[in-house]
Protein chains: 2
Amino acid sequence: MTRTTREDVVTAAGRLFAADGYDGTSMRDLGREVGLLGSSLYAHVAGKQELLVEVVMRGSLLFEDSAREAVDTPGTTRDQLRAFIAGHVGVVLGHLDVARTFLNEARALDPEHRAQVIAARDAYEATLRWILAVGRDNGSFRAGLDPKLDGIFILSILNAIDRWYQADGVIEPERLVDELYEFVLAGLS
Amino acid sequence: MTRTTREDVVTAAGRLFAADGYDGTSMRDLGREVGLLGSSLYAHVAGKQELLVEVVMRGSLLFEDSAREAVDTPGTTRDQLRAFIAGHVGVVLGHLDVARTFLNEARALDPEHRAQVIAARDAYEATLRWILAVGRDNGSFRAGLDPKLDGIFILSILNAIDRWYQADGVIEPERLVDELYEFVLAGLS
DNA sequence: CCTACCGATCGGTAGG
DNA sequence: CCTACCGATCGGTAGG
């Protein structure tokens with residue numbers, strides 16, 4: 001046991017926010033998680049809200065980077081769609097606590113940061129819609145596709161993964177990506 | 001303004017639980033909503049938890065009835081799938097507050113009722129899986145379909161509707177059902 | 001259905 | 001990083 005760092009506190013906060021929610025996590029709970037008293041946390045952070053902002057912003061960046069990589073993927077529009085799905089799965093499974101907090105606890109943010117998160121989500125969704133529209137126009141997907149509505153359907157599936165996926169087996173991440181891609185692509189064809 | 005009834009309190013509780021969450025709703029908030037003091041609510045209900053149980057159980061019953069009706073629908077397996085989707089949309093759009101509370105606030109329930117809700121959700125999911133398996137075996141859907149995984153994908157889409165649907169137009173409920181059915185059916189074909 | 005409370009818990013601070 | 005606290009808010013109760 002070395003000294004507790006700010007990073008330890010942020011990581012533990014993500015864990016508790018993901019498991020019990022922001023409102024369901026007290027500073028005393030968080031202190032216990034890192035082996036300190038609740039009041040001692042204020043030597044590391046300005047407050048509870050700052051911790052939420054930090055965790056959520058990390059999630060926001062992860063999804064943003066993933067979306068950019070998907071668009072930069074060489075190949076067909078279908079390859080980009082697959083990269084988008086694979087990237088999303090990678091973020092969720094690779095950073096479960098951060099992803100869960102980003103997806104489910106944003107409403108506890110102060111108005112300014114909440115607006116920032118909503119903007120980030122809109123941009124993420126816009127990237128997917130862009131892929132769908134391009135694919136519709138170049139014949140990769142069906143002509144009658146509705147980028148907005150079909151984008152919502154796809155994101156609904158992706159954003160629910162953290163709720164049912166269990167790390168300990170049952171289905172491998174690679175197979176999950178395959179099945180997701182297959183199901184979604186069919187819906188677009 | 002007539003006398004406040006227990007029903008008024010339960011309805012208002014559903015509204016606030018859906019909007020602000022169970023933890024985010026205080027008995028004083030709820031009292032204000034119905035024009036009473038927080039402490040006066042205890043003349044109508046035993047406690048805050050009882051209100052959550054009541055709202056969530058109403059949601060549970062609505063989805064259960066809807067699933068049964070879908071299975072009892074005459075016609076092809078595809079017709080049953082469509083009825084399942086239409087029923088789900090009907091419950092969500094027709095009882096937004098109850099559906100939201102059922103879908104998002106069950107974790108605030110005491111262990112016994114939470115177990116009940118999980119069992120109800122499992123049964124609902126089992127009904128959908130049954131439709132998928134039957135349809136796979138009778139040729140309505142593709143042979144390689146995975147009832148469990150594809151059922152999760154479908155429910156992911158259905159359970160997210162309350163998060164983005166806006167009652168004031170944009171898309172009609174009938175068109176939503178059509179688009180959902182089209183997208184899902186393609187994923188199963 | 002209100003008045004007047006209760007004990008518990010919350011986020012956070014002063015001072016060391 | 002702890003001690004000792006603070007004001008606010010919470011769910012809930014006694015008595016009318």
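Bear in mind that the values in this text are calculations on the coordinates, not laboratory data. If you're wondering where the values come from, they're calculated on a predicted model, not measured in any experiment. Positions of Cβ are backbone-derived with ideal geometry, glycine not excepted, and every protein chain shown enters the neighbour counts.
Cut-off is 10 Å between beta-carbons; in what order do A:Trp130, A:Trp164 appear when sorted fewest neighbours first?
A:Trp164, A:Trp130
Could you grab the relative contact order for chain A? Cα pairs under 8 Å, six or more apart, rounded to a whole percent.
22 percent
If each DSSP helix of 4+ residues adds -39,500 (n - 2.57) and the sum is divided by the residues in chain A, what number results at 222 nm, nearest 500 deg cm²/dmol?
When only DSSP H runs of four or more count, the value is -23000 deg cm²/dmol.
Can you compute 3J(HN,Hα) from phi for each residue in region A:46-56, using the Karplus curve 6.51 cos²θ - 1.76 cosθ + 1.60 with θ = phi - 60°, rounded to whole Hz and x for Gly and Pro?
6, x, 5, 4, 4, 5, 4, 4, 5, 5, 5
Could you go through region B:178-186 in sequence order and give the Karplus-derived ³J(HN,Hα) for each residue, using 6.51 cos²θ - 1.76 cosθ + 1.60 with θ = phi - 60°, rounded to whole Hz, and x for Gly and Pro?
Listing the rounded values in order: 4, 5, 4, 4, 4, 5, 5, 4, 4 Hz.
Would you compute the Debye intensity of region A:1-73 from its alpha-carbon atoms alone, equal scatterers and no solvent, and pass along log10 I(q)/I(0) at q = 0.27 Å⁻¹ to two decimals?
-1.23
Remind me, relative contact order of region A:1-96 in percent, using alpha carbon pairs under 8 angstrom and six or more residues apart?
Relative contact order here is 21 percent.
Sort A:Tyr181, B:Tyr22 by Cβ crowding within 10 Å, fewest neighbours at the top.
A:Tyr181, B:Tyr22
From the backbone phi of region A:35-41, what are the Karplus-calculated ³J(HN,Hα) couplings (6.51 cos²θ - 1.76 cosθ + 1.60, θ = phi - 60°) in whole Hz, Gly and Pro given as x?
x, 10, 7, x, 5, 6, 5
If the viscosity is 1.002 mPa s and the temperature 20 °C, what translational diffusion coefficient in µm²/s does Stokes-Einstein give for region B:81-155 when Rh comes from Kirkwood over Cα pairs?
156 µm²/s
Averaged over A:173-186, how many beta carbons belonging to a partner chain fall within 10 Å of each residue's beta carbon?
If you average over the peptide's residues, the count of other-chain Cβ atoms is 3.
Work the Kirkwood hydrodynamic radius out for chain B: mean of 1/r over every pair of different alpha-carbon atoms, inverted, in Å.
17.9 Å
Where Lys and Arg each count +1 and Asp and Glu each count -1, what net charge lies around B:Pro147 among other residues with Cβ under 13 Å from its Cβ?
That sum, taken over residues with Cβ under 13 Å, equals -1.
What is the spread of the Cα atoms of the protein assembly as shown along each of their three principal axes, largest first, in whole Å?
In descending order, the Cα extents are 58, 58, 38 Å.
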